Amino acid sequence: MRHLLDFSGWDRARVAALFKTARAMKEVLSRPIKTVPTLKGRTVATVFFEPSTRTKTSFELAAKRLSADVVSFSGSSSSLKKGESIRDTLLTLAAYGVDAFVIRADAAGVPHQAARWLDAAVINAGDGRRAHPTQALLDAFTLEEALGDLEGRKIAIVGDILHSRVARSNAELLGLLGAEVWLAGPPPLLPRRPFFGARLTARLEEALKDADAVMALRIQKERLSGGRLPSEEDYRDGYQITEDRLALAKPGAPLLHPGPLNRDVEIEGTLADGPRSLVLRQVENGQAVRMAVLYHLLARRAA
Ligand code: CP
């Protein structure tokens, strides 16, 4: 694996190998001293042209747990504001001897472009609506912890499917792992065509019925053009995951959300904090899964 941009070229064996490493990383994270020397002398740059809490902090912690040096870059406080281009910004950071770039951008394709410009490994930390592969990896890892093998499992993904790179990457990865993925949301927030073999429906009940797990997605207000969604109240009425609606899924089916949550919009508040919610487990697993990604990209790569 030279870069992690999306899941093209992946198979189940590669996912299994990465998850095996992630389980080993979880064991490291359970120790009183949570640091190992695996990537000592390596440098990881987190380059975020768009805001992030979970992805940025977990990648930075993951790199530090593996003893790599970390360069943390945020577009909003950089010379981009003075007109420097993305390419020149990346080449400037590369001159420090960076081994891996973790890149988030609001435009689709920026990490792919970066992989052409740079000798270093590039990890896509979310590009526009296109892909967010490490989020899908940590989601699938969390689902496997909860459900075991995902072959034949029905996973309902609910919310703003149209704008969601998480929905796309999850449909791609969960499909690869043999799950039956359902994508549900209000018609203005659904794509015209389904992707990666997932089923698309505006009927929430159809997606939730007998689901093994339910994942709610954030309404991406920053990507909505005016008038697409009438109001938060309409969304709550039709698509909020409530106790009653979750009861349509299999008994005990877990509830996930990649975050950040719009509290009391996508999920009823008590459910988000309740025993069926895996939201903080997803965050916890994000660190171990991202350690595994850095390990697979860098540990065996020549410095
Ligand atoms: N899930 C996710 O990508 O969260 P952040 O935007 O906080 O990184």
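With a simple spin-label model that places each label point 7 Å from the Cα along the Cα-to-Cβ direction, the separation between S74 and D11 comes to 4.3 nm. Rolling a 1.4 Å probe over the heavy atoms of the protein chains gives region 133-272 an accessible area of 38 Å² per residue. Rounded to 0.05, the FRET efficiency of the D106 and E233 pair, given R0 = 30 Å and the Cβ-Cβ distance, is 0.60. Separation of the alpha carbons by more than 21 angstrom is noted, of K64/K221; K81/K221; K26/K56, for K64/K221; K81/K221.
As a fraction of the 1.4 Å probe accessible area of the chain, surface on carbon and sulfur atoms comes out at 50 percent.
Applying 1/(1 + (r/R0)^6) with r as the Cβ-Cβ distance of D149 and S67 and R0 = 35 angstrom yields a FRET efficiency of 0.55. Derived scalar couplings between HN and Hα for region 172-183 equal 5, 6, 5, x, 4, 8, x, 7, 9, 9, 10, 10 Hz in order, rounded to whole Hz, by the Karplus curve 6.51 cos²θ - 1.76 cosθ + 1.60 (θ = phi - 60°), x for Gly and Pro.
Across region 295-301, rounded Karplus estimates of 3J(HN,Hα) from the backbone phi angles (6.51 cos²θ - 1.76 cosθ + 1.60, θ = phi - 60°) give 4, 5, 7, 10, 4, 9, 8 Hz, Gly and Pro being marked x. Charges were assigned to the Cβ only: +1 to each Lys and Arg, -1 to each Asp and Glu. The resulting dipole of the chain about its Cα centre is roughly 1060 debye. Result for the chain in a Gaussian network model with C-alpha springs under 10 Å: among I86, I161, I103, the largest mean-square fluctuation is at I86.
When the Gaussian network model of the chain links Cα atoms closer than 10 Å, the mean-square fluctuations of S77, S164, S67 top out at S77.
For region 18-84 versus region 119-194, the inter-centroid distance based on Cα atoms is 22 Å.
Scanning residues 5 or more positions from R199 or on other chains, those with amide H under 5 Å from its amide H are V181, W182, L183, with H placed 1.01 Å from N in the peptide plane. Using θ = phi - 60° in the Karplus curve 6.51 cos²θ - 1.76 cosθ + 1.60, the 3J(HN,Hα) couplings for region 30-38 round to 8, 7, x, 9, 9, 10, 10, x, 3 Hz; x is entered for Gly and Pro. For A115, neighbours were defined as the other residues whose beta-carbon sits under 12 Å from its Cβ, and their charges (Lys and Arg +1, Asp and Glu -1) total -1.
Taking amide H as placed 1.01 Å from N in the peptide plane, the amide H of V70 sits under 5 Å from that of V44, each at least 5 places away or on another chain.
Considering only L177, G152, P187, and ranking their Cα positions along the charge dipole of region 140-191 that arises from unit charges at the beta-carbon of Lys, Arg, Asp and Glu, the one farthest toward the positive end is P187. In this structure the amide hydrogen of N262, modeled in the peptide plane, comes within under 5 Å of the amide hydrogens of I219, none closer than 5 places in sequence on its chain.
Shape summary of the chain, radius of gyration then Dmax from alpha carbon positions: 19.1, 55 Å. Rolling a 1.4 Å probe over the protein heavy atoms leaves K250 with an accessible area of roughly 80 Å².
Placing +1 on each Lys and Arg Cβ and -1 on each Asp and Glu Cβ, with no other charges, gives region 133-272 a dipole about its Cα centre of roughly 580 debye. Local charge for V71 was computed over the other residues whose Cβ lies under 11 Å away, with Lys and Arg +1 and Asp and Glu -1, and equals -3. When the chain is treated as a GNM with alpha-carbon contacts under 10 Å, the residue of I157, I241, I33 showing the greatest mean-square fluctuation is I33.
The values are calculated or read from the model by the stated rules, or taken from the named source; none is laboratory data. On a predicted model such as this, the values are computed, not experimentally measured, just so you know. Ideal geometry is used to build each Cβ from the backbone, glycine not excepted, and the neighbour counts take in all protein chains shown. Keep in mind that these areas ignore ligands, DNA and RNA; they rest on the heavy atoms of the full protein, side chains included. Shrake-Rupley method; radii C 1.70, N 1.55, O 1.52, S 1.80 Å.
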